[in-house]
Amino acid sequence: MLILYVLMLFMIIAAVIAVETRNLLSAVICVGSIGFVGSLMFLFLCAPDIAITQIVVEVLGLIILIRATISRDLTFISGDKEFFGVVVSIVLIAVIFLAGMKVLDTLPAFGTAIFTQVPDAASQVYLSEGLQRTGAANIVTSVILDFRAYDTLGEATVLFTSILGASAILRKKSRRRLG
Amino acid sequence: MLYALCFLLFMIGLYCAITKKNMVKIVIGIMVMEYAVNLFLIMLGYRTNGIAPIIGKGDLNPETGQVLSSFINGSVDPLPQALVLTSIVISLGSLALMISLCIRIYGKYRTFDITKIRRLRG
Amino acid sequence: MIDGMKGMTVIVKTISSWVKLLIFLFGIYIVLFGHLTPGGGFAGGIILASSYVLLMFAYGREFVEANLPLGLASKLDSVGAFLFALVAILGFAFGGAFFANFLYQNYLPGESLRLISAGTIPLSNIAIGLKVGASLFLIILTLSICCHYEAGSEEPNDDEE
């Protein structure tokens, strides 16, 4: 368990540096380090599928972020903050913090999976009958492509829409000028 | 305790997304929040000394082909893993959408500052 | 081997021309064995896309666009989505429910822990891998085109053709 604490503290330190540094390229690289350490943490939490996906997504995401920040002149933000905005943000953060603290009390201790506390949880059925009913040895794959395939269909739709949006935003010429 | 640290990571991302004025910093804050939420969902399904939810040859009963109860009682929760798997790929798509918006706005206004953008739109 | 104006140095080009095949094979392995080992369509698709992204950084954008044009990539994207929906509709036709695993239930029970098992799950994995890989490659290519034309001109909407 000690390794999880060490990795978690590393992630928090990297997040603080990424938030507070002035240089955008350093901030982006710190975000990349958060993602790689997160992938390591998924591996220690017995989730190898997610570890693989996270590590390759992190590489591509880092490429996208560096594309955005490199060779732009780094704009330094002058600090004339509006009073109203500061008050609203402080109140919002405080409210979410207090609500989260309330929720944290109700969670079971770390290490006791929540689905073992619930009788007739869906995960029990997936674990015990997944091989017989779908034939896939990887239970995670049998969940995303057989038991809950609607989820994957929705994911494909969202990905398609986001790419459509990105290529519409980045189009070279606007339609108005053509016509 | 690990849940609390994860919540702290989420709060750092939220603080960054709310108070910063640089657009790339806002995107970074949203990404940090995504990491925290994914990590929290995986942690909820973790079992002490658990094993990954992948059936090998050693987890099957040699005669009947049934899954042994040691696997069922020792494996971590597969459901949050499946949901987080789709969520990670979607986060990459939304990251690309946000970054393309940032690039477009930079090309038009030559700045990443959101207050200046509001001022220039006259 | 293309040498000269676009891309990086000769060392990077040579190494990446060796490594790209390994990355591509690894992606195909991850997609095909997704129902037995960790991985699956999502991770494998992103690995397939990243092999092309490596080529794009080493050789320049024109070389990759000659190999895998923008139109072909978007067609592959649509084909992946169509295959995934087709598997679902075939489940509706033969198995009685949308996304029913009809191959495993009716026709091909198969032996577990083999490559050919689990019915429609490997087919769905291939479709998802095709879709995710093509779409992420499209995103990177679109961003690269945008950065290319924005670096030169002050006013990006004018002066083009």
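The values are calculated or read from the model by the stated rules, or taken from the named source; none is laboratory data. Quantities reported herein were computed from a predicted structural model and do not represent experimental measurements. Neighbour counts are summed over all protein chains in view; Cβ atoms, including those assigned to glycine, are modelled from backbone coordinates with ideal geometry. In case anyone asks, the SASA skips ligands and DNA or RNA and just uses the protein heavy atoms, side chains included. Shrake-Rupley method; radii C 1.70, N 1.55, O 1.52, S 1.80 Å.
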Scale the Cα Rg of the protein assembly as shown by the rule-of-thumb value 2.2 N^0.38 Å and send over the ratio, two decimals. 1.04
What is the ratio of the Cα radius of gyration of chain B to 2.2 N^0.38 Å, where N is its residue count, to two decimals? 1.58
Apply the membrane-span-like helix rule to chain A: whole DSSP H runs, Cα extent along the own long axis of at least 24 Å, mean Kyte-Doolittle hydropathy at least 0.0. List the helices found. A:2-20, A:24-44, A:48-69, A:83-106, A:149-169
Among the listed pairs B:Lys25/B:Lys116; C:Lys13/C:Lys75; B:Lys20/B:Lys108; B:Lys25/B:Lys108; A:Lys102/B:Lys25; B:Lys21/B:Lys108, which are separated by more than 26 Å between their Cα atoms? C:Lys13/C:Lys75; A:Lys102/B:Lys25
Name the residue, out of A:Ser128, A:Ser142, A:Ser162, whose mean-square fluctuation peaks in a Gaussian network model built on chain A with Cα pairs under 10 Å. A:Ser162
If you average the C-alpha positions of the stretch A:95-112 and of the stretch C:18-43 separately, how far apart do those two centres end up, in angstrom? 39
Protein-protein interface of the stretch B:72-87, residues with accessible area decrease of at least 30 Å², isolated chain reference, 1.4 Å probe: B:Ile72, B:Asp77, B:Pro78, B:Leu79, B:Gln81, B:Ala82, B:Leu83, B:Leu85, B:Thr86
Beyond 29 Å, the calculated P(r) of chain A holds a percent of Cα-Cα pairs equal to 50
State the answer as a single residue: which of C:Phe92, A:Ala137, A:Phe115 lies farthest towards the positive end of the charge dipole of the protein assembly as shown, with beta carbon charges of +1 for Lys and Arg and -1 for Asp and Glu, about the Cα centre. C:Phe92
Once A:Glu129 and A:Tyr5 are pulled to full extension, the length gained, defined as 0.36 nm per residue separation minus their Cα-Cα distance, is 41.2 nm
When the Cα centres of the stretch C:74-95 and the stretch A:1-45 are compared, how far apart do they sit, in Å? 39
Chain A, helix-only ellipticity at 222 nm - DSSP H runs n ≥ 4, -39,500 (n - 2.57), divided by all residues, nearest 500: -23500 deg cm²/dmol
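Classify the stretch A:80-179 as rounded, prolate or oblate from the Cα gyration tensor: take a ≥ b ≥ c as the square roots of its eigenvalues, call it rounded if a/c is under 1.5, otherwise prolate when a/b beats b/c and oblate if not.
Working: a/c = 4.99, a/b = 1.20, b/c = 4.16.
Since a/c reaches 1.5 but b/c is at least a/b, the shape of the stretch A:80-179 is classed as oblate.
Calculate the FRET efficiency for C:Ala85 and A:Leu104 from the Cβ-Cβ distance with a Förster distance of 51 Å, rounded to the nearest 0.05. Don't jump to the answer; show the numbers that get you there.
Working: r = 42 Å, r/R0 = 0.82.
Using R0 = 51 Å, I get an efficiency of 0.75.
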Peptide A:89-96 - average C-beta neighbours from other chains (10 Å radius): 3
Under the Karplus relation 6.51 cos²θ - 1.76 cosθ + 1.60, θ = phi - 60°, what is the ordered set of whole-Hz ³J(HN,Hα) values for the stretch B:77-93, x standing for Gly and Pro? 6, x, 5, x, 5, 5, 6, 5, 4, 5, 5, 5, 5, 5, 5, 5, x
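Percent of accessible area on chain A owned by carbon and sulfur, 1.4 Å probe?
Numbers: 6280 of 8960 Å².
Carbon plus sulfur share of accessible area: 70 percent.
In cubic angstrom, how much convex hull volume per residue do the alpha carbon atoms of the stretch A:114-168 span?
On the way: hull volume 5.5 nm³, N = 55.
It is 99 Å³ per residue.
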Shape call, the stretch C:1-93: gyration tensor on alpha carbons, a/c limit 1.5: oblate
Among A:Ala47, A:Ala18, A:Ala99, residue whose mean-square fluctuation peaks in a GNM of chain A (springs only between Cα atoms under 10 Å): A:Ala99
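Can you give the accessible area per residue of the protein assembly as shown, in Å², using a 1.4 Å probe? Please list the in-between numbers first.
Working: 21620 Å² over 462 residues.
Roughly 47 Å² per residue, with all protein chains present.
Can you bin the stretch A:1-72 into rounded, prolate or oblate? Criterion: square roots of the alpha carbon gyration tensor eigenvalues sorted a ≥ b ≥ c, rounded for a/c under 1.5, prolate for a/b above b/c, oblate for the rest. Don't skip to the end; give the middle numbers.
Numbers: a/c = 5.22, a/b = 1.47, b/c = 3.55.
Oblate, because a/c is 1.5 or more while a/b does not exceed b/c.
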Separation in nanometres of the label points that stand 7 Å from Cα toward Cβ, at A:Phe44 and C:Ile116: 4.4
Simple spin-label model, 7 Å along Cα-to-Cβ: A:Leu164 to C:Ile11 in nm? 4.6
